[in-house]
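**Q** Next up is a structure, given as structure tokens.
Here, each number is a calculation from the coordinates, and none is a lab measurement. Being a predicted model, the structure only gives us computed values, none of them experimental.
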Amino acid sequence: MSVEHSHPLEDDERELEQTLAEVERSLSALNERYAQVKRDRHKRAELLERQQQLEQLQQDNPTKEPIKTELRHIQQELEQLEENLESRLFSFSFSPFWQAIRFGGLGIVIGWLLKSCAG
């Protein structure tokens, strides 16, 4: 009965490749979230500007029901955008990418310390 043992260096390479692939996926997801946040911020600015215009129109003529309806719609969109922006910011801080960066950095520091103590 022959048990095949893999070389530790090959195992390390395979593990490194898997970690790099995960970091790449996380970075891609981060880029997508960043692009969405930029779009949401831009849309938010446009909605706030339109809201100010409508409020000014409403002050000039308070009996316009379509203005009130559009203002309510804009307010709902703004609330949804705020929720999206908050949720993206919170999910960013716990992503696997940042965990890999944190623990990878910790591993490098520990490696340097061990090397300096041994050498």
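**Q** Between residue 27 and residue 71, 0.36 nm times their residue separation minus their Cα-Cα distance comes to what?
**A** Separation in residues times 0.36 nm, less the Cα-Cα distance, equals 12.1 nm.
**Q** Let me ask something else about it. How much length would be gained if the chain were fully extended between residue 115 and residue 11, taking 0.36 nm per residue of separation minus their Cα-Cα distance, in nm to one decimal?
**A** Working: separation 104, 0.36 × 104 = 37.44 nm, distance 2.14 nm.
Length gained, residue 115 through residue 11: 35.3 nm.
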